[in-house]
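Have a look at the structure below, then the notes.
The values are calculated or read from the model by the stated rules, or taken from the named source; none is laboratory data. It should be emphasised that the depicted structure is a prediction, and the values quoted were computed from it without experimental measurement. Cβ: placed from backbone, ideal geometry, glycine included. Neighbour counts: every protein chain shown. The protein model used for the area step is the full one, side chains on, heavy atoms only, and it has no ligands, DNA or RNA in it. Shrake-Rupley method; radii C 1.70, N 1.55, O 1.52, S 1.80 Å.
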Amino acid sequence: MSWADLNLMPAMPEIALLCAVSVILVLDLFLDDAKRSITYGLSLLTLAGCAALTLSTLNPYPELTFSGMFIADPMAGVIKLAMYAAVAVTLIYSRQYALDRGFFRGEFFTLTLFSLLGMMVMVSAHHLLTLYMGLELLSLALYALVALQRDSARGTEAAMKYFVLGALASGMLLYGMSMLYGATGSLDIAVIAKALAGGTANQTLALFGLVFIVAGLAFKLGAVPFHMWVPDVYHGAPTAITLLIGGAPKLAAFVFVVRILMQGLEPLMMHWQGMLVILAVLSMALGNLTAIAQTNLKRMFAYSTISHMGFLLLGILVGTPEGLSAAMFYAIIYVLMSLVGFGILVALSRAGYECETLDDIKGLNKHNSWLAFMMLLAMFSMAGIPPLAGFYAKFAILKAVVDVGLVWLAIIAVVFSLIGAFYYLRVVKTMYFDDAGEVPPQANGTYWVLSANALALLALGVFPDKLLAICIEAMKQSFQTL
Amino acid sequence: MVENLLSLAIWTPIVAGLLVLATGGDKNAGLARIVALVGALAAFLVTVPLFTDFKSLHGGMQFTEFAPWIASLNINYHLGVDGISMLFVVLNSFTTLMVILAGWQVIQTRVAQYMAAFLIMSGLINGAFAALDAVLFYVFFEAMLIPMYLIIGVWGGPRRVYASIKFFLYTLLGSLLMLVAFVYLYFHADKSFEILKFQTLVLPLSVQMLLFFAFFMSFAVKVPMWPVHTWLPDAHVEAPTGGSMVLAAITLKIGAYGFLRFALPILPDASRELAPLMIALSLVAVVYIGLVALVQTDMKKLVAYSSISHMGFVTLGMFMFAGDSLNQWAIEGALVQMVSHGFVSAGMFFCIGVMYDRVHSRNIADYGGVANKMPIFAAFFMLFAMANSGLPATSGFVGEFMVIMGAVQVNFWFAFAAATTLIFGAAYTLWMYKRVVFGDVGNHHVEEMQDVNKREFLVLAVLGVAVLGMGLVPDLFASKMHLSVNDLIAHVAHSKLK
């Protein structure tokens, strides 16, 4: 294949992002601390540019390039747009926080953007190697970000844990991929699917590979029993970085799972379905039950994430287009909610003061009823109470689950949602019913974007149709020819 | 005639609530009160045409509205009321107006949030009564938990946190199972969430039983039926006066309404099979909870238990099957009882609130001889107490009489057990009244009590007129529901097994 045949258009956003990050990296070397706003602004501008590029290259059909190693389909397009928004919002929320803690620097911007690049490659990978490359780029950037506050022992410990366990999971994933290669003779997702469906593959080897791959995926999603890193990393990382980890990477992980399991290993569905049921139920159970015992909000959100990932897996495991689009909707809504939750913690933290326990938000309603109200929206949305967006996310998944006849699974899911409602209610209780502690919580900076983000939960709760239709359409188009 | 009356009934209070919130902190409390009152009045006035223009001779749903809402899930904004739900929309808007007046001076902290919570909740409740789409119903049904949770938790009594969380989780448990039931029905109704379509489904008995259980969990908790009633005394006691009024007058009715709108017409065979169980639970509520009420020392708790007992009457009336069909007396009696209890319990809770504002105690023992200091108040309190014990010529009598009439036709002993409530009801209500109002002035707190002011008088008078009016001319309400009840009975008599 010559250079002239190479169609670079589908990968344009990634290429543009890479160039822009390199420019920011170099430019930042010539700026002193007072002028970091330039690179900060450039980072946001880059995200806007990427969004424009993705929008302009968005086709209603899948498009392959780089000899089938890279794919641009509507699923990837929509998810990428959501990721740009999530990362941009993260940067905006963290500005003051990072300034106060001295990491408002080039490393923060470039590592964040590199992690975004990794996610984008993951989302668009159509080959196990590309997938792995994207995953590692994301993970390495995140390891460094968690340890960004060099003098924080907690952050360093979290980064070490994250790194060691992450490397282990990557190893499992690679091992599984190598077995799949042995079974099917290819790393190309489409070829693997064809070989498995055609019966030419070594079934035993492929199943062994599947087990390792599901374990690796479960680790990246943070599903029980591969969840151990989640609370420690969420808790140990600076809140601004937790905000990043809890946002866009979840979207990437979702597509990652869909690409491998639905597009590559669909012929083995009856095998991975059972595994996902166990992962989903355990995640919902352990996540929700353990979250009740947490007094640290970051840890509580970490366990709540685990339970949300369990719910998300329900949508994937039904394996129908309805289920997948419901899961996609869920992932996007989850990221919106998580951004509000951590965004408020970031907004309430000041120099030398971290807002992270239940006590820190005591009586918030008295001092800042608007922030308290936004947190209330996020909490009720996570609990799945209408008319907030989280309800439709859960509802769409329940509907898909009942549709394939798994009513018992739906009942388990709602029972654990009920248990989960308790700790979300407790947050609302602490803000509204309790009297403030000695130090009344004060917000730093302005929070227009945060308000828009929180109100989006309400707006999407009253009018969820548009986003839901986009998810359904994107899934339909992405799966049409494959 | 205005189109979209139901939408107006739903959205007027919600928009008014948001406006109230926009008035800001407590320095603008006066403005917040006025905006809230205007909003509540407007919200009540838009529901009046629902009552006056309702065509009692037309079957089916009236004032219907339809618009696609979430097209991808086939969920529609479909509203409409029949002779049953229309009454509750009006009752609810009326009660909200009373509640705003009741909290006028009493609430001094976070006034705007208080008023807004009630207005928004009022809109959501109207939505639940008017919804003809199951998911739309669910959205309104659940959303009203949020303002109620805040009302109890922020403005409630000492154990408010416990009460509010208990209230929320109890009701959420039931409704989540109902949601699964809705989704199940959706796939059987050709992917539609239309409640009216659910009602035509043919379902095997085993499925009906399971679905009935799901609905039962949801609605029985809301009613509340024995033995899932325990959240109610806690919630009532800790809620502010307005919260108790809305809880008793309206939200309990949503549970009973749910049985009428979902359980009976969608699952007639399961309802018939399980009627003995429902009747047994209702009779336990009527008799046992009546006895429990007798020994309460806290006035609010006493009225709360009396509410459970009266709601037992309602569920009793709803499940009076004679052979295949429901008894018309009983079911209309249940409905009249629901409306009447809305007025009476609101009045009772308001009276207790008036005394609490003066003495800051709900203990019966802390009172005595109130009549000496507050004669006007004592007269009104007497009226509501009489209505609560079912005295003829008050609204309380009509419903109970009709249910007992219906029960006699079905089974004498049901009627006999139910009729004991007239005795217990009179016993606990009047005994409390005697200890609180009559006798010598009990202590210096009572000595200092002032009689009702103009605002309190207005609320008492309006509620009093409603109680007497309904007792003297029950047909004013009953005539609106005849046809809808007959339709329901005819529908339920038709087995869905084949």
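Laid out as a table, the results:
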item	result
Residue identified as small (G, A, S), in contact (Cβ under 8 Å) with a residue 24 or more places away in the chain and more than 15 Å from A:A421 (Cβ to Cβ) among A:A383, A:A378, A:A400	A:A400
Qualifying residue in region B:384-396 (condition: surrounded by fewer than 19 Cβ atoms within 10 Å (Cβ to Cβ) and part of a helix (DSSP H, G or I))	no
Residue count, region A:364-377 (criterion: touching a helix residue (DSSP H, G or I) at 6+ places or on another chain (Cβ under 7 Å) and away from every other protein chain (no Cβ under 11 Å))	4
Residues satisfying the stated conditions in region B:310-350, i.e. in a helix (DSSP H, G or I), surrounded by fewer than 24 Cβ atoms within 10 Å (Cβ to Cβ) and not hydrophobic (A, V, I, L, M, F, W, C)	B:Q328
Among (1) at pLDDT below 90; (2) open to solvent by less than 10 Å² (accessible area, probe 1.4 Å); (3) within 14 Å of chain B (Cβ to nearest Cβ); (4) at negative phi, the one test that A:K429 misses	(2)
Test for B:A112: is it at pLDDT below 85, more than 10 Å from every other protein chain (Cβ to nearest Cβ) and surrounded by 23 or more Cβ atoms within 10 Å (Cβ to Cβ)	no
Qualifying positions in region A:411-424 - surrounded by fewer than 23 Cβ atoms within 10 Å (Cβ to Cβ) and facing another protein chain (nearest Cβ under 8 Å)	A:I411, A:V414, A:V415, A:L418, A:F422
Members of region A:157-203 found to be hydroxyl-bearing (S, T, Y), surrounded by fewer than 20 Cβ atoms within 10 Å (Cβ to Cβ) and without any contact (Cβ under 8 Å) to a residue 24 or more places away in the chain, listed by number	A:S186, A:T200
Flag if B:L101 is surrounded by fewer than 24 Cβ atoms within 10 Å (Cβ to Cβ) and within 12 Å of another protein chain (Cβ to nearest Cβ)	no
Qualifying residue in region A:317-334 (condition: without any contact (Cβ under 8 Å) to a residue 40 or more places away in the chain and more than 16 Å from the chain's Cα centre (by Cα))	no
Criterion (at pLDDT below 85 and either open to solvent by less than 30 Å² (accessible area, probe 1.4 Å) or not β-branched (V, I, T) (or both)) met by exactly one of B:G255, B:G242, B:G290	B:G242
Flag for A:L457 being over 29 Å from A:L81 (Cβ atoms) and either modelled with pLDDT of 90 or more or out of contact with any Asp or Glu (no Cβ under 6 Å at 6 or more places or on another chain) (or both)	no
Matching residues in region B:148-198 - criterion: being of a type in the set (V, I, T), out of contact with any Asp or Glu (no Cβ under 9 Å at 6 or more places or on another chain) and more than 9 Å from chain A (Cβ to nearest Cβ)	B:I151
In region A:59-108, the residues that are open to solvent by 40 Å² or more (accessible area, probe 1.4 Å), over 19 Å from A:N453 (Cβ atoms), among the hydrophobic types (A, V, I, L, M, F, W, C) and in contact (Cβ under 8 Å) with a residue 24 or more places away in the chain	A:L64, A:F66, A:M69
Residue identified as under 22 Å from the mean Cα position of the chain (by Cα) and either within 23 Å of B:Y356 (Cα to Cα) or buried (at least 23 other Cβ atoms within 10 Å of the Cβ) (or both) among B:M432, B:M402	B:M402
Conditions (1) assigned to a helix (DSSP H, G or I); (2) under 26 Å from A:G461 (Cβ atoms); (3) without any contact (Cβ under 8 Å) to a residue 40 or more places away in the chain: number failed by B:F66	(1)
Residues located in region B:64-98, provided they are at pLDDT below 85 and surrounded by 24 or more Cβ atoms within 10 Å (Cβ to Cβ)	B:G83
Selection count, region B:131-162, where residues are crowded, with 24+ Cβ neighbours inside 10 Å, farther than 30 Å from B:I266 by Cβ and of a type in the set (V, I, T)	2
Within region B:437-498, helices (runs of 4 or more DSSP H) holding 1 or more residues that are over 30 Å from B:V354 (Cα atoms) and open to solvent by 40 Å² or more (accessible area, probe 1.4 Å)	B:475-492
Wholly within region A:161-262, helices (runs of 4 or more DSSP H) carrying at least 3 residues that are of a type outside the set (A, V, I, L, M, F, W, C) and more than 26 Å from A:G274 (Cβ to Cβ)	A:229-236
Filter result for B:F141 (over 21 Å from A:M431 (Cα atoms) and facing chain A (nearest Cβ under 9 Å))	yes
Conditions (1) in a helix (DSSP H, G or I); (2) in contact (Cβ under 8 Å) with a residue 24 or more places away in the chain; number of the one not met by B:W104	(1)
Residue ID - modelled with the lowest pLDDT, chosen from residues in region A:57-108 that are among the polar types (S, T, N, Q) and within 24 Å of A:L336 (Cβ to Cβ)	A:Q96
Any hit, region B:370-383, residues being part of a helix (DSSP H, G or I) and closer than 25 Å to B:A280 by Cα	no
